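Mind looking over this structure? Questions follow.
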């Protein structure tokens, strides 16, 4: 018997990864909403991996309640993820999956780019994703920050700029390039503050455009776009960073829909 895998959160992502691990012969134990992780940890103290597959808004609540026995077995896959998110909870060296595929309920996954995986259990995750035919590859730990920021730049730019432009990523770039570029620059300002790192901006912009080309018909504005904009403006306020484009989009959103006032 191969060692078990624990998955916290059994939404679309958790379900997809569970199938991959099962195909590789790993028993999978879900931690569902309302289940106490500590109770599961007493029964399964040494799983091969504890994959946290909840949304980004629930991440810190889950990490705060993570049993100590699982700290060295952690896997993360959230959007807008940065090292500060796990470091805040005293966690180090998690396995991190930079998800570049879209999975909606009742639909097959749609790959945008190959998904990079870093960390001590990257090989296990790559094996599981390959078992369900998700394009992926392991990367050295030193490349992880760049890959996280590239994904953040992509998702934040298309979601926030999409609040004004609507449409697909190809339409955003072809018809609203100035909006996309200005939004991306402000996002990178915030990412530099959040990471306390001078980032390779040209490389990251080129990486974002690879994402655009990987799925040109991807819809820009997801349902969480207003939340992402609100969060970005909160970071800007804390950092004292001017974000005129983000603020103008927020003002437009508030004018057309007062319930969305930021």
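The values are calculated or read from the model by the stated rules, or taken from the named source; none is laboratory data. This structure is a prediction, so every number in the text was calculated from the model and none was measured. Note: ideal-geometry Cβ built from the backbone for every residue, glycine included; neighbour counts use all protein chains shown.
For the stretch 26-46, enumerate the residues that are over 29 Å from residue 107 (Cβ atoms) and not in a loop (DSSP other than H, G, I, E, B). Don't jump to the end; show me each part of the working.
The initial filter retains those residues of the stretch 26-46 that are over 29 Å from residue 107 (Cβ atoms), namely 36-46.
Selection gives 37, 38, 39, 40, 41, 42, 43.
For every residue, the table says whether it meets (1) in contact with a strand residue (DSSP E or B) (Cβ under 7 Å, 6 or more places away or on another chain); (2) modelled with pLDDT of 95 or more.
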| site | (1), (2) |
| --- | --- |
| 75 | yes, yes |
| 78 | no, yes |
| 85 | no, yes |
| 91 | yes, yes |
| 109 | yes, no |
| 114 | yes, yes |
| 118 | yes, yes |
| 123 | yes, yes |
| 128 | no, yes |
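Among the candidates 166, 240, which residue alone is closer than 21 Å to residue 102 by Cβ and either in contact (Cβ under 8 Å) with a residue 12 or more places away in the chain or not assigned by TED's automatic domain parsing to the domain that holds residue 55 (or both)?
Values: 240 fails: closer than 21 Å to residue 102 by Cβ.
Selected residue: 166, the only one of 166, 240 that is closer than 21 Å to residue 102 by Cβ and either in contact (Cβ under 8 Å) with a residue 12 or more places away in the chain or not assigned by TED's automatic domain parsing to the domain that holds residue 55 (or both).
Still on this structure, I have one more. Here's a check for you: in the stretch 152-185, which residue that is in a loop (DSSP other than H, G, I, E, B) and out of contact with any helix residue (DSSP H, G or I) (no Cβ under 7 Å at 6 or more places or on another chain) is nearest to residue 112 (Cα to Cα)?
Within the stretch 152-185, the first condition is being in a loop (DSSP other than H, G, I, E, B), and the residues that meet it are 166-167, 176.
Right, trim to out of contact with any helix residue (DSSP H, G or I) (no Cβ under 7 Å at 6 or more places or on another chain) and you get 166-167.
Details: 166: 19, 167: 17 Å.
Checked the stretch 152-185; the qualifying residue nearest to residue 112 (Cα to Cα) is 167.
Also: Residue 149 - would you say it is at pLDDT 95 or above and either within 14 Å of the chain's Cα centre (by Cα) or in a strand (DSSP E or B) (or both)?
Values: at pLDDT 95 or above: yes; either within 14 Å of the chain's Cα centre (by Cα) or in a strand (DSSP E or B) (or both): yes.
Against the criterion (at pLDDT 95 or above and either within 14 Å of the chain's Cα centre (by Cα) or in a strand (DSSP E or B) (or both)), residue 149 qualifies.
While we're on this one: Confirm whether residue 182 is surrounded by 15 or more Cβ atoms within 10 Å (Cβ to Cβ) and either farther than 30 Å from residue 19 by Cβ or without any contact (Cβ under 8 Å) to a residue 40 or more places away in the chain (or both).
yes
Now a separate question. Please go through the stretch 186-207 and give me each residue that is touching a residue at least 60 places away in the same chain (Cβ under 8 Å) and out of contact with any helix residue (DSSP H, G or I) (no Cβ under 6 Å at 6 or more places or on another chain), ordered by number.
Residues satisfying the conditions are 194, 195.
When the stretch 1-25 is examined, which residues are found to be assigned to a helix (DSSP H, G or I) and either under 16 Å from the mean Cα position of the chain (by Cα) or not assigned by TED's automatic domain parsing to the domain that holds residue 98 (or both)? Steps first, please.
Keep residues of the stretch 1-25 that are assigned to a helix (DSSP H, G or I), which gives 12-23.
Matches in the stretch 1-25: 12, 13, 14, 16, 17.
Evaluate the following for residue 70: is it more than 12 Å from the chain's Cα centre (by Cα), buried (at least 21 other Cβ atoms within 10 Å of the Cβ) and either modelled with pLDDT under 95 or farther than 25 Å from residue 137 by Cβ (or both)? Show your work before the answer.
Numbers: more than 12 Å from the chain's Cα centre (by Cα): yes; buried (at least 21 other Cβ atoms within 10 Å of the Cβ): yes; either modelled with pLDDT under 95 or farther than 25 Å from residue 137 by Cβ (or both): yes.
Criteria met by residue 70.
Taking residue 27, is it surrounded by fewer than 21 Cβ atoms within 10 Å (Cβ to Cβ) and out of contact with any helix residue (DSSP H, G or I) (no Cβ under 8 Å at 6 or more places or on another chain)?
Working: surrounded by fewer than 21 Cβ atoms within 10 Å (Cβ to Cβ): yes; out of contact with any helix residue (DSSP H, G or I) (no Cβ under 8 Å at 6 or more places or on another chain): yes.
Criteria met by residue 27.
If a residue must be part of a helix (DSSP H, G or I) and within 18 Å of residue 169 (Cβ to Cβ), how many such residues does the stretch 213-254 contain? Break it down into steps so the answer makes sense when it comes.
Looking only at the stretch 213-254, we keep the residues that are part of a helix (DSSP H, G or I), and these are 213-214, 225-239, 244-254.
Add one more test, that the residue is within 18 Å of residue 169 (Cβ to Cβ), and what stays is 213-214, 225, 228-229, 245, 249.
The number of residues fulfilling the criteria is 7.
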